Amino acid sequence: MKNNKRISKLLERDCGQCTSCCRDIQVDITDTDLKRLVKHTGITADRLVRLYGHNKDDNDAESDWFNLSYGKRAIVLNKKRNGDCIFLGQDNGCIAYEARPMTCRIFPICVLYDDCHNIVDVEKSDVITNKTITCKCSPGKGQLYDVFLSTAMQARKEHVRFINKIDTWNRQNKKGNKNDFLRFLGFIISGDAPT
């Protein structure tokens, strides 16, 4: 993907710090995102994530869903009781900023990849264009093209590795629950004895 005027303009967005994205959307995460968060916070994986069920109206990629004994699920960052991200601090800042998921690092941009995992285009995230959230990002300094490209490629590599793990899990005969899946990914769960 080559940088052009449209892409440069899209990357010249500064966060308005409205926290809509931290309140109103689900953040899909990979096992690598989760590893960074566990290491950064010291909180066990099972407390950082929740699962959501497969809805026939979901437009999510089928590959992101894994089979459990009680149906297909996807993994997302946990939320507080009021619906805010668990890492949204009192000052509306991210308390896990250094370890935040790749989705958060790329937002408000959506990256489009081809079948070989190359970036073919970028566009404004559909949660903004569909008005799912009221994002207050505005023209400004934004992200440098090379930095953004590097982050987007890293996000794709992590996602592809996660999908391969999901495929391995889904091929197993025994399905299990959330904690079984997290253990399969290599996480220690609350109450597990350290090994």
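Can you give the charge dipole size of the chain about its Cα centre, rounded to the nearest 20 debye, using +1 on the beta carbon of Lys and Arg and -1 on the beta carbon of Asp and Glu?
That gives the chain a dipole magnitude of about 260 debye.
Angle between the Cα long axis of helix 145-171 and the longest principal axis of the chain, 0 to 90 degrees, nearest 10?
For helix 145-171, the angle is close to 20 degrees.
Projecting each Cα onto the charge dipole of region 5-179 (Lys/Arg +1, Asp/Glu -1 at the beta carbon, about the Cα centre), which of Gly83, Asn179, Val120 comes out farthest on the positive side?
The Cα lying farthest towards the positive end belongs to Asn179.
Could you compute Rg(Cα) / (2.2 N^0.38 Å) for the chain, with N its residue count?
Normalised Cα radius of gyration, the chain: 1.06.
So, counting K/R as plus one and D/E as minus one, what does the shell of residues with Cβ under 13 Å around Ala45 add up to?
Residues near Ala45 contribute +2 overall.
Are there trypsin sites (Lys or Arg not before Pro) in region 94-195 that DSSP marks as loop and that have at most 15 other Cβ atoms within 10 Å, and which are they?
Answer in residue order: Lys131, Lys136, Lys141, Lys174, Lys175.
Could you please rank Cys18, Cys137, Cys116, placing first whichever residue has the fewest other Cβ atoms within 10 Å of its Cβ?
So the residues, fewest neighbours to most, are Cys116, Cys18, Cys137.
Show that you can apply the helix-only estimate: for the chain, add -39,500 (n - 2.57) for every DSSP H stretch of four or more residues, divide by all residues, and state [θ] at 222 nm to the nearest 500.
-10000 deg cm²/dmol
By how many degrees, between 0 and 90 and to the nearest 10, does the Cα long axis of helix 31-41 differ from the longest principal axis of the chain?
That works out to roughly 90 degrees.
The numbers here are math on the coordinates, done by the rules we state, and not lab data. Since the structure is predicted, the reported quantities are computational estimates derived from the model, not experimental observations. Cβ coordinates were reconstructed from backbone atoms using ideal geometry, including for glycine residues, and neighbour counts include every protein chain displayed.
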